[in-house]
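The values are calculated or read from the model by the stated rules, or taken from the named source; none is laboratory data. Not measured: the values here are computed from a predicted model. Virtual Cβ from ideal backbone geometry, glycine too; neighbours counted across all protein chains shown. These accessible areas exclude ligands, DNA and RNA; they are computed on the full protein's heavy atoms, side chains included. Shrake-Rupley method; radii C 1.70, N 1.55, O 1.52, S 1.80 Å.
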Amino acid sequence: MASTGRSRIRVQLVFLLFVISAIAFLDRTNISVAGVQMRQEYGIDQIQLGWVFSAFLIGYAVFQVPAGWLAAKYGPRRLLTWALVWWGLFSVATALVSPQGANAILMLAIVRFALGIGEAAVYPSANQFISRWVPASERGKANGLIFAGVGAGSGLTPPLITAVIAFAGWRASFYVCAAIGLVVAAIWYVVARDRPQDHARVDAAELAHIEAGLPPAPVDTDRVAIPWGAILSSRNVWGLFFSYFAFGYVIWIFFSWFFIYLAEARGLDLKSSALYGMAPFLAMTIGCLGGGVLNDAISKRRGLYAGRSGLAMVSFVLTGIFLLIGSRVDSAPLAVLTLALGGGAIYLSQSGFWSVTADIAGRHAGVVSGLMNAGCQVGGALTSSLTPWIAAQYGWVAAFGTGAVIVLVGTLAWAIVDPNRLIGAGRSREFVGDPAPVAP
């Protein structure tokens, strides 16, 4: 992200959001690696473990919109600090559920549901931050970096959690993740501020650069009511919701089941699964960063629709193709490579989702992005329980094929999303009550 000033505090804070994003996915995907040992200790099958995975995503989905409202009311600094502490506590609680308990699976599901509530704050808070700190012309790269944390955190999970499990058992992996989150919570609270005007290290040149790329904010912003009617009647919002549903369905095949797929369907041992299991998440990280750069570059040359929606449609089509091919390849390394390309391809679209919500929603970016993200988590909750059932009944080719069909249909939802049409009564380039924003 370019800056006209000597200080680039916004870049440092976006990088810290990348770290928080990585920790969030470390905390939510560690159970996929630990799940191999947990299934044995708790005496459960894949479908029951899928219920536990789904419980997290249901909690995460249900609290997306409230998290967006809280981010707008209390600011991303405080909300993210509370969230990091919250999910650290419930990571520890996951390890404390006794396998001998009469309702052990129910307790695991409740704890993971609560973890989902805490993690719901991450991306609505980050988007609220982006809407206040990052000029529109830099939002693709900023969101690309933040969501590269998804791939980085998930990619680090197999080797890190495998090493911790080998050294100290699966419970220790949850303690380690909790400790990392608590340290970063303290750092975020100390260095972050909700607005660039409130940060002592933002100089005049950087502040001028940021403000030049943002729509003028009305006085008394916090008291402006959320225009639910305009939001819920927006074609853009529902296009984002359903396309993010398709996105969530596919990515949670990787987050929930890819490690287990390698171990049980491809016959890889724990060490090999940890190594190969990194591939999709490395590809996601590269796809996120590359997608952010492409998003801004294409938007500058061809307009916001081409840069946001057009790139996302290409991303979805490529993903469907790679999933269909990769699931049918006989060679395990080649299958991993092809499926990893599918994971990388879909993440080319990630910055587009979050850039569009900041583009169209102004001061209500947290709420709108929360509603959109709820669609992703509904898709994830569905795949977390449905994928093992499809795999058991029809095989893993059918499980990945279902994801390919869903993501290809999701392309149609992206086609109706126009970042130039801001939320309001048919108006273009303005939000209800806002002056027209500066075009990127």
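The table that follows gives values for the structure above.
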item	result
Conditions (1) among the aliphatic types (A, V, I, L, M); (2) more than 24 Å from Ala365 (Cα to Cα); (3) open to solvent by less than 10 Å² (accessible area, probe 1.4 Å): number failed by Leu106	(3)
Matching entry among Gly362, Gly303, Gly307 (being open to solvent by 10 Å² or more (accessible area, probe 1.4 Å) and touching an Asp or Glu at 6+ places or on another chain (Cβ under 8 Å))	Gly362
Qualifying residue in segment 28-51 (condition: acidic (Asp, Glu) and within 17 Å of the chain's Cα centre (by Cα))	no
Number of positions in segment 153-168 that are within 16 Å of Ser21 (Cβ to Cβ) and either under 12 Å from the mean Cα position of the chain (by Cα) or of a type in the set (S, T, N, Q) (or both)	3
Residue match in segment 186-193 (condition: at pLDDT 90 or above and open to solvent by less than 40 Å² (accessible area, probe 1.4 Å))	yes
Residue, modelled with the lowest pLDDT, within segment 222-236, restricted to residues that are open to solvent by 50 Å² or more (accessible area, probe 1.4 Å) and not charged (D, E, K, R)	Val224
Members of segment 97-107 that are touching a residue at least 40 places away in the same chain (Cβ under 8 Å), part of a helix (DSSP H, G or I) and out of contact with any Ser or Thr (no Cβ under 7 Å at 6 or more places or on another chain)	Ile105
Selected residue (only one of Ser369, Ser331 is closer than 25 Å to Ser256 by Cα, polar (S, T, N, Q) and either surrounded by fewer than 24 Cβ atoms within 10 Å (Cβ to Cβ) or modelled with pLDDT of 95 or more (or both))	Ser331
Top-ranked residue in segment 33-63 [being of a type in the set (S, T, N, Q) and surrounded by fewer than 24 Cβ atoms within 10 Å (Cβ to Cβ); ranked as modelled with the lowest pLDDT]	Gln46
Residue in segment 254-261 that is surrounded by fewer than 24 Cβ atoms within 10 Å (Cβ to Cβ), part of a helix (DSSP H, G or I), touching a helix residue (DSSP H, G or I) at 6+ places or on another chain (Cβ under 8 Å) and modelled with pLDDT under 90 present	yes
Sole exception among (1) of a type in the set (S, T, N, Q); (2) in contact (Cβ under 8 Å) with a residue 12 or more places away in the chain; (3) over 20 Å from Thr162 (Cα atoms) for Asn30, by number	(3)
Which listed residue, of Thr402, Thr357, is modelled with pLDDT of 90 or more and within 22 Å of the chain's Cα centre (by Cα)	Thr402
Residue that is of a type outside the set (Lys, Arg), surrounded by 20 or more Cβ atoms within 10 Å (Cβ to Cβ) and within 19 Å of Ile31 (Cβ to Cβ), where the choices are Ala95, Ala71, Ala120	Ala120
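Results for (1) outside any helix (DSSP H, G or I); (2) hydroxyl-bearing (Ser, Thr, Tyr), shown as yes or no for each residue.
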{"residue": "Ile298", "(1), (2)": "no, no"}
{"residue": "Ala312", "(1), (2)": "no, no"}
{"residue": "Ser315", "(1), (2)": "no, yes"}
{"residue": "Asp330", "(1), (2)": "yes, no"}
{"residue": "Val336", "(1), (2)": "no, no"}
{"residue": "Ser384", "(1), (2)": "no, yes"}
{"residue": "Ala391", "(1), (2)": "no, no"}
{"residue": "Phe400", "(1), (2)": "no, no"}
